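Worksheet: one structure, shown below.
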Amino acid sequence: MHVVLDNLPAFLRATRVTAQLTVISFLLAMLIGTLVAGFRVSPVLPLRWLGTVYVELVRNTPLLVLISLFVFGFTKIGIRYSYYASAIIVLSTYTGTFVAETVRAGINTVAPGQAEAARSLGLTFSQLLFAVVLPQAFRSVVAPLGSVFIALIKNSALASTIAVMDLSFLGTQLTNSTGRPVAVFMGSAFFYLLLALPSGWAIGWFERRVAVKR
């Protein structure tokens, strides 16, 4: 494992890049997913259709295809971003579909009587959704959202295909320069675990803190 220790500063920098990609993409995915989940339960039919089309189209397209399409295809029509920004845009857009379905499942756990009571008080759909339904829905889906977050840590490895300097890209570089792929990628796997395992523990703790008493 000398190759890992000799390149420890590079591994730490790549770990930071992976963590940044994950956190920024997840925050954006939460915004996108919450909005789309609202569309999917909206009483307005065109919004429901829009949310459904977005989820089914993006979720069922391989992430690598989306990255390649955005970076190498959209440039043909003048849409250009840095590789780092492109990775965040695609990761958040893709992950947003899973967040949307998770949040929608949480919305379905809220008792219908609460929505009826809110409507009887004169609340609009938006007020009902954000003031009554979503706060309860999020509490019931902490664990599933945590699973989406951990999956995003692993999915972020595909950013290496467009030369983002994350752990996977570093692993490829060091393999080419040292000729020791097993040691290098074991090192990369170790740093991925350093991100994923504490995240899982933190999510479990937070879930217990906000669990809905039934």
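The values are calculated or read from the model by the stated rules, or taken from the named source; none is laboratory data. From a predicted model like this one, the values you see are computed outputs, not experimental measurements. Note: ideal-geometry Cβ built from the backbone for every residue, glycine included; neighbour counts use all protein chains shown.
Please give the number of the condition LEU197 fails out of (1) surrounded by fewer than 18 Cβ atoms within 10 Å (Cβ to Cβ); (2) touching a residue at least 60 places away in the same chain (Cβ under 8 Å); (3) under 24 Å from LEU21 (Cα atoms); (4) of a type in the set (A, V, I, L, M, F, W, C).
Failing condition for LEU197: (2).
Filter region 139-170 down to the residues that are within 13 Å of ALA10 (Cβ to Cβ) and either modelled with pLDDT under 90 or in a loop (DSSP other than H, G, I, E, B) (or both) and list them by number.
MET165, ASP166
Test SER68 against the stated conditions and say whether it is touching a Lys or Arg at 6+ places or on another chain (Cβ under 9 Å) and surrounded by fewer than 18 Cβ atoms within 10 Å (Cβ to Cβ).
no
Taking only pairs six or more apart or across chains, which ones have beta-carbon atoms under 8 Å, a first residue in region 1-13 that is modelled with pLDDT under 85, and a second residue that is among the β-branched types (Val, Ile, Thr) and surrounded by 15 or more Cβ atoms within 10 Å (Cβ to Cβ)?
Cβ pairs passing all conditions: VAL3/VAL184; VAL4/VAL184.
Which condition number in (1) loosely packed, with under 13 Cβ neighbours inside 10 Å; (2) free of Cβ contacts under 8 Å to residues at least 24 places away in the same chain; (3) more than 30 Å from TYR81 (Cα to Cα) is the one that ALA118 fails?
For ALA118, the exception is condition (1).
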